[in-house]
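Below you'll find the structure, written out as structure tokens, and then a few comments.
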Amino acid sequence: MPGVKLRLATVAFAVAAAAANARTTIPDFAPGGPVTLGAVNTGDRLALADGRSLRLASIETPATGELAARAKLALEKLVTGKTLELRYAGNASDREGRVVAALFAGGRWVQRELVRRGLARVHGAADNRLGLTALLAAEDAARKARRGLWRRSAYAVREADDAARDAGTWQIVAGTVADAALVEDGAWLDFGPDRHTGFGVHISREALKLARAAGLDPNGLKGARVRVRGFIDGTRRPTIEVTFPEQIERR
């Protein structure tokens, strides 16, 4: 029946188009205005022609080695000769006085492009959360496709049982939440039977408020498989301090 097939094809196309549009939707960043490139310093740091330094919000590229060179080269190609525009995801500067913003080059969101290519990981901050959901989706796709840094064991997602080995470094850790508890200064997620030595996640009181506002209830994570990103503090037990809800991804 040609008519039915045509209608089904039209519906399928509309669904696919809607899905594609959802993936490419740009967050409602605050406008920062046009800027002129001075120089590309690293894969996520630029000098602007007006003398300011720009740090690309919400991402971090490798600091050394081949991947660092690839990220810098990719950034140079993305921004050179393009009309550049800043858009703010939260606080417009950091404690070192650098501009912190989303950068658009010829209308393309630079951060998402670097993450999509597997040349950057999503970091984020409590005061720069806008756009993190879209970047995390791009990162997940790059990781599944094993693009760029996701082909390297140094950037592999760690398992909670092995998190102690990477104490003192920034990692993405995956595991099943064995227990969740509210405490005076926030909440704890435990990932093993021994809460004194096993991997744990502490959610600060301020982050707990943000999490609840975002629909993330720590008590509801018991038994759930999650990924958590952040610096692993191994002072007493391997622990990641959560300061904003996007650090925790329910899988």
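Since every read-out is calculated from the coordinates, none of them should be taken as a lab result. Quick caveat, the model's predicted, so the values are computed rather than measured. Neighbour counts run over all protein chains shown; Cβ positions are idealised from the backbone, glycine included.
With r as the distance between the Cβ atoms of residue 241 and residue 80 and R0 = 41 Å, compute the FRET efficiency 1/(1 + (r/R0)^6) and round to 0.05.
0.60
Please list 3J(HN,Hα) in residue order for the stretch 102-108, calculated via the Karplus relation 6.51 cos²θ - 1.76 cosθ + 1.60 where θ = phi - 60°; whole Hz, with x for glycine and proline.
Couplings: 7, 10, 10, 10, x, x, 9 Hz.
Which ³J(HN,Hα) values in Hz, rounded to whole numbers, follow from the phi angles of the stretch 183-191 under the Karplus curve 6.51 cos²θ - 1.76 cosθ + 1.60, where θ = phi - 60° and Gly and Pro get x?
Residue by residue, the stretch 183-191 yields 10, 4, 9, x, 8, 10, 10, 9, 10 Hz.
For residue 73 and residue 184, compute 0.36 nm times the residue count separating them, minus their Cα-Cα distance, and round to one decimal in nm.
35.2 nm
Computed from these coordinates, which is semi-axes √(5λ) of the Cα gyration tensor in Å: [x] 25, 22, 17; [y] 32, 26, 18; [z] 44, 23, 15?
Checking each listed value against the structure points to [y].
Calculate for the chain the 222 nm mean residue ellipticity that helices alone would give, adding -39,500 (n - 2.57) per DSSP H run of length 4 or more and normalising by residue count, nearest 500 deg cm²/dmol.
Helix-only estimate at 222 nm: -8500 deg cm²/dmol.
Relative contact order (percent) for the chain, with alpha-carbon contacts under 8 angstrom and 6 or more residues of separation?
14 percent
Distance in nm between label sites at residue 28 and residue 146, each 7 Å beyond Cα in the beta-carbon direction?
In this crude spin-label approximation the distance works out to 4.1 nm.
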